[in-house]
Every structure is written in C-alpha cells, then in structure tokens.
1. Considering only residues of region 83-114 that are assigned to a loop (DSSP other than H, G, I, E, B) and touching a residue at least 12 places away in the same chain (Cβ under 8 Å), which is surrounded by the fewest Cβ atoms within 10 Å (Cβ to Cβ)?
2. Would you mention how many residues in region 39-82 are part of a helix (DSSP H, G or I), crowded, with 17+ Cβ neighbours inside 10 Å and more than 17 Å from the chain's Cα centre (by Cα)?
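No value in this document is a laboratory result; all are computed from the given coordinates. The structure displayed is predicted, hence computed values, not measured ones. Cβ placement follows ideal geometry from the backbone for every residue including glycine, while neighbour counts extend to all protein chains displayed.
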C-alpha cells in the first residue's frame, strides 16, 4: 500500500514538473509572424480599436484599454476569454483559430504576458 502511494505521489510530482516546464517554455516563445499579421488584420477589419473601445476607455482613447496599470486582463487565458466575448458581442464571423491570432497580436503588441 505504501509503495502504491509513493508511486502515485512520484507520478503526480513528475506531472507537475512537466506542466511547469511547458509553461516556462511558452513564456519565452515568440509569436509566429503570420499569426500576428492575421490577428492585426482581423483587429483592423473588425474595428476592434475603434468606437467600442473608445466609449469604454476613461480617457476616450481606444488603445488605452490595453494599458491601464490596474487592468482586469491579467493572463493570456483572460485575454483569450475577452477576445471571445468581444467576438460574440460584435457578432463577428471570426473562427476559433483566428481568435487565437487576435489574442496573440494583442499580447505581442500591448500586454506582453510572460
């Protein structure tokens, strides 16, 4: 029984170490230029930095939503969820892989998550 518990614990710790190594390797990755270009194009085509953002920004500047010190988007996962929400709200015909491109472009150009 103790050997089974020890084995389970060892496997669990190995899994955590593997997950941590994956997270660390993603932090240093650079986005594919084609992915960034697709994301930037979709942002422009859908006026993602236009009137909708300007109405919500306290200073009326659309891009300032990306840069406040106390922004609510704290992680890449938060950013992807927000992009999904915006796409849904706008009714844009953006595919899931394109949502990833938009999130990657926003992260690269504004958020700089590690």
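1. 114
2. Residues meeting the conditions: 2.
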